[in-house]
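K.L.:
The structure under discussion is supplied below as structure tokens; questions concerning it will follow.
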Amino acid sequence: MVHNNSKYSSTRYHDSSLQEFFSFEEVVLKGLASDGGLFHPHEVPDVRSKYQEWKDLSFAELAYQVIRLYVDDHEISNDELRSIVDQSYSTFRHPDTVPLVTLDEKKDLHLLELFHGPTFAFKDVALQFLGNLFEFFLVRKNQKLEQGQPRHHLTVIGATSGDTGSAAIYGLRGKKDVSIFITFPDGKVSPVQEAQMTTVLDPNVHCISVQGTFDDCQDYVKALFADPEMNKIHHLAAVNSINWARILAQITYYFYAYFQLLKQRPDLQQVKFVVPTGNFGDILAGYYAKRMGLPVAKLVIATNENDILHRFWKTGSYSKKETPASEAHAGLKEDGAQAHEDGVKETYSPAMDILVSSNFERLLWHLTLEYELESNPSDGLESSVRAAGGKLNDLFQSLKQTGSFTVEPEILNKARHIFSTHRVSNAETLETIKGSYQGKLIAKSKYVLDPHSAIGVAASLREIAGTDRADVPIVSLSTAHPAKFAGAVELALQEEKEFDFNTVLPEQFVGLDSQERKVLKVSSHEGLGGLRDLITREVEKEKSA
Ligand SMILES: *Cc1c(COP(=O)(O)O)cnc(C)c1O
């Protein structure tokens, strides 16, 4: 059985002399297309006829069903895929994997807890799967080796300001033929996050503390990926949130949340999802779920003060810099978080501190193609695909050159039809943690939100206040465990006499501080060259061990 939708193309494909289709394996191992675009599935399957079959499945079984639709069984057999998926979700601590908790019956507000994986953040849902996929592809390549040929080896390099690093490390620790190098700015990640990363002692895991900022780390990683010498010695791979396998794995929990609600009320019609968003990865998975037929009334984007998405939905312009007017509108005077030189603001929700939202390009591609098909119906699919790719290519060239682009009104209308947005300030984030704990904002009391999840809940409450359709339940996505962001949580709850941080501290975090650590250092003097030599040296050591 060959699925058409298990073929992939770049969002910037427009030149028919270049490669149009990619396999799932190519997409996963490449991460980014060579024209700078992102890979997208050629077809999104409609699964509405499968609900009866799907509604009582466990999370892992459902994940298998969803992922199967996007991966050709010539590439990964049913048994192989089942075992990859089972292994990926066996590391989650909760029997429901991603449990749904009701915060307020009357408001019909529910929280989908996505943080029961190894690093206590939602990124585990995707990175546990991606790590197993990498290993699967590498092991298979190496089984096919002729005598005397060198083994295939993957060198994963990433930069982190916190969450991605630990989730990637836990996804890849101990995997055969894969080394992972995670750079982080020295002294600038939270103590829990640093401890989570550096206490992993597996020989294939390398944490590198870089003297500099997060931007320096990112610049180094970009430079290494562009370095011909590095590419000659290593097969480099990335695990950042543009990797299609990460989006794919996240589609499952939208269906799972819907089926959990459906069990409570068989007459369930539609659901709204509210998603705290940075790189647009999490909510993009919800968009695919909707395209697959899930009855989603609205996808609600909740941003922090890094609000490029919120501004896009207001104006149709996607712009790195705020215009003076939007700055006044955003009320920066009262709640302004510290802004960096490049414009990124440091907030209480650091995993959402971004300047641009990389995965937004995928949404724009789908909307642009739809528009092309509608406005030139006689042109046919193939030429519409190329027209959409050409437009995307132009838009992102403009973003690179001028820092912004503006889409056609028809495309903005399409985006507004499916999504709405809320921008949540730093002050409101803390107020939401506090008011939720006190049971003032939600009926459930003593519930401790992490600052990212609080942004979702703040947006949910605004959404509820601003709508008359109380019949649509809201599922707000909770992306991290509060213990990961102790600073903001303690700040918000400092006046709560009954609150004791130890009551939310998971046993896995107790004593993490005093465990043995493994961390390499690169000084600003050693810089990029030092980092490059270190990686090559460590990979050599691993291979000869
Ligand atoms: C990464 C992350 C987010 C943002 O997810 P995107 O996919 O980038 O939108 C939100 N919250 C937490 C805790 C995260 O780690």
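K.L.:
Please indicate, with yes or no, whether at least one residue in region 268-278 is assigned to a loop (DSSP other than H, G, I, E, B), closer than 29 Å to Y8 by Cα, in contact with a Leu (Cβ under 8 Å, 6 or more places away or on another chain) and within 16 Å of the ligand (Cβ to nearest atom).
P.N.:
Within region 268-278, one or more residues are assigned to a loop (DSSP other than H, G, I, E, B), closer than 29 Å to Y8 by Cα, in contact with a Leu (Cβ under 8 Å, 6 or more places away or on another chain) and within 16 Å of the ligand (Cβ to nearest atom).
K.L.:
State the number of residues belonging to region 390-416 that are in a helix (DSSP H, G or I) and in contact with a strand residue (DSSP E or B) (Cβ under 7 Å, 6 or more places away or on another chain). Reasoning before the result, please.
P.N.:
Here is the first cut: in region 390-416, the residues in a helix (DSSP H, G or I) are 390-402, 409-416.
Now narrow it down to the ones that are in contact with a strand residue (DSSP E or B) (Cβ under 7 Å, 6 or more places away or on another chain): 395, 398-399.
Of the residues in region 390-416, 3 are in a helix (DSSP H, G or I) and in contact with a strand residue (DSSP E or B) (Cβ under 7 Å, 6 or more places away or on another chain).
K.L.:
Which residues, counting only those in region 420-435, are part of a helix (DSSP H, G or I) and either β-branched (V, I, T) or within 12 Å of G456 (Cα to Cα) (or both)?
P.N.:
Selection gives E428, T429, T432, I433.
K.L.:
Of all residues in region 452-466 being out of contact with any Ser or Thr (no Cβ under 8 Å at 6 or more places or on another chain) and part of a helix (DSSP H, G or I), which is nearest to Y348 (Cα to Cα)?
P.N.:
R462
K.L.:
To continue, here is another question. Given the options T429, T421, T406, name the one that is within 22 Å of V344 (Cα to Cα), touching a His at 6+ places or on another chain (Cβ under 6 Å) and modelled with pLDDT of 95 or more.
P.N.:
Sole residue among the options that is within 22 Å of V344 (Cα to Cα), touching a His at 6+ places or on another chain (Cβ under 6 Å) and modelled with pLDDT of 95 or more: T421.
K.L.:
Also, quick follow-up: Scan region 481-500 and give yes if some residue there is β-branched (V, I, T), surrounded by fewer than 24 Cβ atoms within 10 Å (Cβ to Cβ) and touching a residue at least 12 places away in the same chain (Cβ under 8 Å), otherwise no.
P.N.:
No, the conditions are met nowhere in region 481-500.
K.L.:
So is S524 buried (at least 16 other Cβ atoms within 10 Å of the Cβ), not in a helix (DSSP H, G or I) and not acidic (D, E) or not? Break it down into steps so the answer makes sense when it comes.
P.N.:
Values: buried (at least 16 other Cβ atoms within 10 Å of the Cβ): no; not in a helix (DSSP H, G or I): yes; not acidic (D, E): yes.
Taking the combined requirement at face value, the residue does not satisfy it.
K.L.:
Within region 96-140, work out how many residues are within 16 Å of the ligand (Cβ to nearest atom) and either part of a loop (DSSP other than H, G, I, E, B) or under 16 Å from the mean Cα position of the chain (by Cα) (or both). Show your work before the answer.
P.N.:
Residues of region 96-140 that are within 16 Å of the ligand (Cβ to nearest atom), as a first pass: 98, 111-130.
Restricting the remaining residues to those that are either part of a loop (DSSP other than H, G, I, E, B) or under 16 Å from the mean Cα position of the chain (by Cα) (or both) gives 98, 112-130.
The number of residues fulfilling the criteria is 20.
K.L.:
Also, quick follow-up: Suppose we keep only residues that are assigned to a loop (DSSP other than H, G, I, E, B) and exposed (fewer than 15 other Cβ atoms within 10 Å of the Cβ) within region 35-49. Which one would you say is nearest to the chain's Cα centre (by Cα)?
P.N.:
Step one: filter region 35-49 for residues assigned to a loop (DSSP other than H, G, I, E, B), giving 35-37, 42-47.
Next, from what is left, pick out any that are exposed (fewer than 15 other Cβ atoms within 10 Å of the Cβ): 43, 46.
Numbers: E43: 21, D46: 23 Å.
The selected residue is E43.
The values are calculated or read from the model by the stated rules, or taken from the named source; none is laboratory data. From a predicted model like this one, the values you see are computed outputs, not experimental measurements. With ideal geometry, Cβ positions are generated from the backbone for all residues, glycine too; neighbour counts draw on all protein chains shown.
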